[in-house]
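Let me give you the structure first, and then I'll get to my questions.
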Amino acid sequence: METKKKQTAENYIKEIRSKTRRIFTSEQKILIVMEALRAETSVAELCRKYAIQESTFYKWNKEFVEAGKKRLAGDTTREATSDEVAELRKENQRLKELVADLVLRYDIVKKSLNNLE
């Protein structure tokens with residue numbers, strides 16, 4: 001019986017932690033990694049300053065370095081910006097409406113031709 005209460009309490013704490021977890025933007029992550037590259041403070045101090053785990057920092061650092069390697073190697077493929085995605089979605093919707101309109105017109109013409117026969 002007590003293990004159920006303990007399990008529920010643990011789950012409750014995990015839920016609270018996940019809901020209150022800070023989410024860093026990519027710009028914030030880059031600034032933190034670059035601050036470490038300047039070597040003015042230790043990684044441990046930097047992690048305390050931003051209240052992040054060292055493992056998190058090292059993960060960001062690895063991702064930063066890997067992205068730099070890809071870019072320098074000539075891999076210029078990049079993610080679409082949110083504006084580009086929004087524009088593509090608008091165009092996609094417009095094209096779907098155009099296809100629907102053409103299918104409807106086709107059906108009307110086909111029916112009218114069948115009625116003439």
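The values are calculated or read from the model by the stated rules, or taken from the named source; none is laboratory data. What you see is a predicted model, and the numbers here were worked out from it, not measured in a lab. Ideal geometry is used to build each Cβ from the backbone, glycine not excepted, and the neighbour counts take in all protein chains shown.
Checking the condition modelled with pLDDT of 90 or more, on the phi < 0 side of the Ramachandran plot and not assigned by TED's automatic domain parsing to the domain that holds Arg22, which residue from Arg48, Arg94 passes?
Unique residue meeting the criteria: Arg94.
Let me spell it out: the conditions are (1) surrounded by fewer than 13 Cβ atoms within 10 Å (Cβ to Cβ); (2) under 24 Å from the mean Cα position of the chain (by Cα), and Glu63 meets all of them except one. Which number is the exception?
For Glu63, the failing item is (1).
What number of residues within segment 27-52 are exposed (fewer than 11 other Cβ atoms within 10 Å of the Cβ) and of a type in the set (Ser, Thr, Tyr)?
1
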